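No value in this document is a laboratory result; all are computed from the given coordinates. Just so we're clear, the structure is a prediction, and the values are computed from it rather than from any experiment. Here the Cβ positions follow ideal geometry from the backbone for every residue, glycine too, while neighbour counts run over all protein chains shown.
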Amino acid sequence: MNDELILAIAVVYLILNVISFTLFGADKRRAIKDRYRISEATLIVSGFLGPFGALAGMRLFRHKTRKPLFKVIYVFVAIHIVLIIVLVWEFFPF
């Protein structure tokens, strides 16, 4: 895999995590202001695509931390960690 493709994938992954973090923060703000909320399905999908941002948003904003459905974010983080390790091992052999 060439370096530009690896960089592009890393940038997209970073952007997905930033979007996920932002969605959790925006939903928390909307909840406080009693405004139209972001759907739980959207938050879960964003957590699947950007689990580190979702987890950071949940913890920092103290949002959706008690809902059982959102415990799946921890599973998404674990899956992504394993995938990252496998990809690094595969494409950057030591």
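Structure summary
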read-out	value
The chain, dipole about Cα centre (Lys/Arg Cβ +1, Asp/Glu Cβ -1), debye to the nearest 20	940 debye
Listed residues 45, 18, 82, most fluctuating in the chain (Gaussian network, C-alpha, under 10 Å)	82
Correct option for Kirkwood radius over Cα pairs in Å [calculated from the coordinates] among [x] 14.1; [y] 15.9; [z] 15.2	[x]
Selected from 31, 61, 41, residue furthest toward positive end of dipole (the chain; charges at beta carbon)	31
Least to most buried among 40, 4 (fewest other Cβ within 10 Å first)	4, 40
Cα-derived Rg to Rh of segment 53-94, Kirkwood definition	1.18
Helical mean residue ellipticity (222 nm; -39500 (n - 2.57) per DSSP H run of 4+; nearest 500) of the chain	-25500 deg cm²/dmol
DSSP-assigned coil residues among trypsin sites (Lys or Arg not before Pro) in segment 1-66, each with at most 15 further Cβ atoms within 10 Å	33, 35, 37, 62, 66
